[in-house]
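To keep things clear, I will list the structure first and then write my remarks on it.
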Amino acid sequence: MKTSELPPTRKGRHFEIRAIGLRDFAGLTRDDERLNPFELAQYAKLLVAPFEKIEPFLSEETKQQLLKDGRDAWSGGACSQTLPDGSKLIILNPTHGENRQNATLMEEICHVFMGHKPSRLSVENRNKQGKIIARDYNQDIEEEAYSIGAAALVPYSSLKRFVEQGKTSREIARHFNVSRELVDYRIKVSRLWETYKKNVLSGE
Ligand SMILES: [Zn+2]
């Protein structure tokens with residue numbers, strides 16, 4: 001691995017190396033290939049339950065809370081208890097778009113791969129920009145899982161190339177099937193924002 005393929009910050013490299021490992025594990029060979037978290041989830045023994053399957057077991061009040069009043073207060077959840085076959089049940093917020101669900105699921109997958117142990121039902125609470133909106137969480141663990149997941153979805157080396165080619169974050173987001181906010185976040189934490197401003201924003 002060449003150092004030019006890794007982000008300039010120490011933290012960024014820590015996340016990137018693990019993200020590259022995950023992409024290898026998923027069988028991806030090119031850095032600009034789209035990663036499908038739903039396929040990777042199977043290797044991580046995560047069972048992603050479609051919300052319709054859970055819905056009949058929920059009370060009207062709970063449904064109202066999850067899908068209406070509190071729909072922006074959660075992005076996904078994992079049951080801390082494993083199922084008899086060793087897999088873990090995940091639920092994704094069905095009111096969120098596919099690209100946002102991809103980021104949430106990647107975060108859950110990274111928790112598993114990094115061996116983070118949830119003490120109880122763990123709920124992902126992130127807004128569109130990926131910022132945590134809950135009070136009760138372990139900041140380091142959450143940052144690690146989210147950052148590795150985001151790096152696996154949008155690898156640094158291909159992101160850098162795209163930014164240098166003058167691609168917009170919207171185009172990059174479409175390429176990787178993620179939200180524009182996630183690409184903007186990746187550009188910023190990868191210290192590519194200056195290049196992006198010069199190559200892309202100045203021409204808009
Ligand atoms: Zn998390």
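The values are calculated or read from the model by the stated rules, or taken from the named source; none is laboratory data. Worth saying up front: this structure is predicted, and the values here are computed from it rather than measured. With ideal geometry, Cβ positions are generated from the backbone for all residues, glycine too; neighbour counts draw on all protein chains shown. Ligands, DNA and RNA are excluded from the accessible area calculation, which covers all protein heavy atoms including side chains. Shrake-Rupley method; radii C 1.70, N 1.55, O 1.52, S 1.80 Å.
Take every Cα pair under 8 Å whose residues are at least 6 apart in sequence, average their separation, divide by the length of the stretch 27-131, and the relative contact order is 33 percent.
Computed from backbone phi with θ = phi - 60° and the Karplus coefficients 6.51, -1.76 and 1.60, the 3J(HN,Hα) list for the stretch 162-175 is 4, 5, 5, 7, x, 6, 7, 5, 5, 5, 5, 4, 5, 4 Hz; x is used for glycine and proline.
How much of the pair distance distribution for the stretch 1-96 lies past 21 Å, counting alpha-carbon pairs only, in percent? Roughly 53 percent, rounded to a whole number. Rg over Rh for the stretch 121-204 works out to 1.02, using Cα positions for both radii and the Kirkwood form for Rh.
Looking at the stretch 8-154, send over the antiparallel percent of its DSSP beta bridges, to the nearest 5. Percentage antiparallel, nearest 5: 65. Each Lys or Arg adds one and each Asp or Glu takes one away; over the other residues whose Cβ falls under 9 Å from the Cβ of ILE172, this sums to +4. The mean accessible area for residues of the chain, using a 1.4 Å probe and ignoring ligands and nucleic acids, is 56 Å² per residue. Contact order for the chain, expressed relative to its length and based on alpha carbon pairs under 8 Å spaced 6+ residues apart, stands at 26 percent.
Cross-link partners of LYS188 among lysines, defined as those whose alpha carbon lies under 27 angstrom from its own and excluding same-chain residues fewer than eight positions apart: LYS2, LYS11, LYS128, LYS131, LYS160, LYS167, LYS197, LYS198. If the only charges are +1 at each Lys and Arg Cβ and -1 at each Asp and Glu Cβ, what is the size of the charge dipole of the stretch 8-154 around the Cα centre, to the nearest 20 debye? Dipole about the Cα centre, nearest 20: 280 debye. Here the accessible area is traced with a 1.4 Å probe on the protein chains. For the stretch 8-154, carbon and sulfur cover 51 percent of it. Would you look at the GNM of the chain, springs on alpha carbons closer than 10 Å, and say which of GLY12, GLY21, GLY130 moves the most? Looking only at GLY12, GLY21, GLY130, the largest GNM fluctuation is found for GLY21. Taking 0.36 nm per residue of separation and subtracting the current Cα-Cα distance, fully stretching the chain between HIS116 and LYS11 would add 36.0 nm.
Ranking GLU5, GLU108 by solvent-accessible area of protein heavy atoms (1.4 Å probe, all protein chains present), from largest to smallest, gives GLU5, GLU108. Judged by the mean number of other Cβ atoms found within 10 Å, the most tightly packed of the peptides 171-177, 99-105 leads the ranking 99-105, 171-177.
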